[in-house]
Amino acid sequence: MQDGSSRRRFLQRALQQVAAASVIVGFDPTAGSWVTAAAADAAASGFSRLPELDGTLFLDGPQLDAAQDDFGHIVHRRPVAVLLPGSIQDIVKAVRFARRHELQVAMRGISHAPFGQAQVENGIVIDSSSLAELGAVHTSGAGGWIDVEPGVQWRAVIQAAFAQGLTPRVLTDFQGLTVGGTLSIGGIGGTSQRFGVQADNVLELEVVTGKGERVTCSESQRPDLFNAVLAGLGQSALIVRARLPLIPAPAQVRVFNLFYDSIDVYVQDQLRLLARGSFDHLQGQVVPHPSGTGWRFMIEAGAYFTPPQAPNPTALLAGLKDVRADATDVTQSYLDFAFRLDPLIAFLISIGVWDFPHPWMDLFVPASAAPGFVGGVLADLTAADVGGGPILFYPIDTRRMRRPFFRLPDERRAFLFSLLRTADPPTPETVLAMLADNREIYDQLVALGGTRYANGAIPFDPQDWRRHFGERFRDLRQAKRRFDPDRILTPGQGIFPRQT
Ligand SMILES: Cc1cc2nc3c(=O)[nH]c(=O)nc-3n(C[C@H](O)[C@H](O)[C@H](O)COP(=O)(O)OP(=O)(O)OC[C@H]3O[C@@H](n4cnc5c(N)ncnc54)[C@H](O)[C@@H]3O)c2cc1C
């Protein structure tokens, strides 16, 4: 991490930004207090003017407690109401009601975002877990498609598709995330090198805009709205249904772990594999060096196959310069591979660490800067600085990622570099130090042409967002004006504060 004076400076900055965003840092949920006149008005009216709903509206109780927390356990904003919608029409009614009463609204998936992104202070949280219906799998030619509601978890989509011999094109590493949640931020995984992010792999959406309009959109029907919603951070509309394309699923995956002691050689080999495209799944990590000091690098490359076909390791690994004596490989069923994180997460839950704060940070580093930048960060980083959490480091082809608001470095090849930190010990001091460190590393990266994945815990203000979206900011602001003119949707991202 940083030296004492720069750490203090960044801590101060992080605290100021946190305060400016009226975020409360701590681990005890705050008591909700209705501070705005509009919220008080809505509360006083007991939401009596809200038309009859098919679902349930909670004005108190555990639903509100849950809605003011997330996987990060860093930010806590208490809503005035949580809606468990019984129908899409409920969402239309809630959004229109919120707009009339100047309340803000966010859809909540399973709240695995780490920094309050799905929270709304004094507003309405729409909990999509009650909208978790999975349509039938439709097959067409060699593939097919499936319609899903936003609260469906990817696990269910994968299982339903696999039962028909199919799979979504891009899987995240963990399948307990919701379709609505990952489509709103992007959704990156080991096949993104080939297919882009999950938001690049959608045939059609049904959404409810910030005006309370229910609209169907696709590449050919209202493409302006379609492109504003996918990886659009919930700023223009809420996703209420998605049609996802499916491709043939393999029966098995042979996964190779290849180790490197040199970051330069690692980066070269990763880029070689990216260019070859011979592996279906391509990821990689920075892992503690077995000597007990420093780091080493690991490519995780998976070849999909269905017997009697089988991968040819000689061809797949030809020309790579890893420490071959340390290489390992394992063959798993496709579903075991898709759900490979489940045992680890079950273990972390069992020892209580899953409930610790998670100041995660995901960055996109231009390939040309990757060895120097990542090497520099790692030189100052210890395993304690990430609380033992994983460090992802793998290449992507930026041309595959086409959604306008998914911001990437201006180079054809880039690396995802993620510090998936656990605050251990789980104290406010540890959290603040990690947040400050995130911010400092992010600033260094931006100077090199890098960007962030919009899911992390980096203290950020509207100016930072403006810089993040760069030449696309005007388009985003225009979409906001058109689809959510009163700025009611997804305020937890902090992009469009209401007062400006
Ligand atoms: C263990 C773990 C593993 C992960 N692995 C990956 C990975 O491999 N790849 C990856 O890309 N990410 C990964 N993530 C990050 C994850 O994609 C994000 O945290 C995502 O936001 C989580 O989705 P969620 O369903 O919990 O959404 P939430 O956290 O509930 O919501 C996220 C954001 O989307 C908005 N939103 C939710 N639903 C909707 C909707 N229907 N319409 C509009 N806006 C909506 C929310 O308001 C919020 O702003 C991982 C996270 C965890 C905890």
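The values are calculated or read from the model by the stated rules, or taken from the named source; none is laboratory data. Model, not experiment: these values are computed from the prediction. Here Cβ is always computed from backbone atoms with ideal geometry, including for glycine, and neighbour counts include all displayed protein chains. With ligands, DNA and RNA removed, areas are computed over all heavy atoms of the protein, side chains included. Shrake-Rupley method; radii C 1.70, N 1.55, O 1.52, S 1.80 Å.
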- Provide a single number: the residues in the range 485-500 that are within 16 Å of the ligand (Cβ to nearest atom) and either part of a helix (DSSP H, G or I) or touching a Lys or Arg at 6+ places or on another chain (Cβ under 7 Å) (or both). 6
- Message: Looking at the structure I just gave you, is residue 466 in contact with a strand residue (DSSP E or B) (Cβ under 9 Å, 6 or more places away or on another chain) and either modelled with pLDDT under 95 or surrounded by fewer than 22 Cβ atoms within 10 Å (Cβ to Cβ) (or both)?
- Response: no
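A quick yes/no check of all residues on (1) assigned to a loop (DSSP other than H, G, I, E, B); (2) open to solvent by less than 10 Å² (accessible area, probe 1.4 Å); (3) touching a His at 6+ places or on another chain (Cβ under 7 Å):
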position: 372; (1), (2), (3): no, no, no
position: 394; (1), (2), (3): no, yes, no
position: 399; (1), (2), (3): no, no, no
position: 411; (1), (2), (3): yes, no, no
position: 424; (1), (2), (3): yes, no, no
position: 431; (1), (2), (3): no, yes, no
position: 435; (1), (2), (3): no, yes, no
position: 444; (1), (2), (3): no, no, no
position: 460; (1), (2), (3): yes, no, no
- Query: Counting just the residues of the range 108-153 that are more than 9 Å from the ligand (Cβ to nearest atom) and under 17 Å from the mean Cα position of the chain (by Cα), which one comes out surrounded by the most Cβ atoms within 10 Å (Cβ to Cβ)?
  - Reply: 115
- Task: Tell me, yes or no, whether the range 305-313 has at least one residue that is touching a helix residue (DSSP H, G or I) at 6+ places or on another chain (Cβ under 8 Å) and aliphatic (A, V, I, L, M).
- Result: no
- Meets criteria (open to solvent by 10 Å² or more (accessible area, probe 1.4 Å), outside the structural domain of residue 414 (by TED's automatic domain parsing) and on the phi > 0 side of the Ramachandran plot) for residue 186: no
- Message: Restricting to the range 138-166, name every residue that is farther than 10 Å from residue 244 by Cβ, in contact with a helix residue (DSSP H, G or I) (Cβ under 7 Å, 6 or more places away or on another chain) and in contact (Cβ under 8 Å) with a residue 60 or more places away in the chain.
- Response: 150, 158, 162
- Write out, first by first residue and then by second, each pair whose Cβ atoms fall under 6 Å of each other, whose residues are 6+ apart or on separate chains, and whose first residue, in the range 481-500, is closer than 22 Å to residue 213 by Cα and outside the structural domain of residue 70 (by TED's automatic domain parsing) while the second is open to solvent by 30 Å² or more (accessible area, probe 1.4 Å) and within 13 Å of the ligand (Cβ to nearest atom). 488/104; 491/104
- Answer yes or no: is there a residue in the range 291-305 that is without any contact (Cβ under 8 Å) to a residue 60 or more places away in the chain and in a helix (DSSP H, G or I). no
- Task: Output the residues belonging to the range 204-226 that are in a helix (DSSP H, G or I) and either outside the structural domain of residue 151 (by TED's automatic domain parsing) or within 14 Å of the ligand (Cβ to nearest atom) (or both).
- Result: 225, 226
- Query: Can you find even one residue in the range 94-107 that is crowded, with 22+ Cβ neighbours inside 10 Å, of a type in the set (D, E, K, R) and either within 13 Å of the ligand (Cβ to nearest atom) or over 25 Å from the mean Cα position of the chain (by Cα) (or both)?
  - Reply: no
- Message: I'm checking my understanding of the structure. Among residues of the range 289-323 that are at pLDDT 95 or above and hydroxyl-bearing (Ser, Thr, Tyr), which one is most open to solvent (accessible area, probe 1.4 Å)?
- Response: 314
- Message: Can you tell me how many residues within the range 396-438 are among the aromatic types (Phe, Trp, Tyr) and under 15 Å from residue 195 (Cα atoms)?
- Response: 1
- residue 124 vs. criteria touching a residue at least 60 places away in the same chain (Cβ under 8 Å) and out of contact with any Lys or Arg (no Cβ under 6 Å at 6 or more places or on another chain): no
- Query: Is it the case that residue 199 is more than 10 Å from the ligand (Cβ to nearest atom) and assigned to a helix (DSSP H, G or I)?
  - Reply: no
- Pick from the range 227-259 the residues that are in contact with a Lys or Arg (Cβ under 7 Å, 6 or more places away or on another chain), under 16 Å from residue 197 (Cα atoms) and not in a strand (DSSP E or B): which of them is farthest from the ligand (Cβ to nearest atom)? 227
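One line per residue, one yes/no per condition, for (1) part of a helix (DSSP H, G or I); (2) of a type in the set (A, V, I, L, M, F, W, C):
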site: 359; (1), (2): no, no
site: 363; (1), (2): no, yes
site: 369; (1), (2): yes, yes
site: 389; (1), (2): no, no
site: 407; (1), (2): no, no
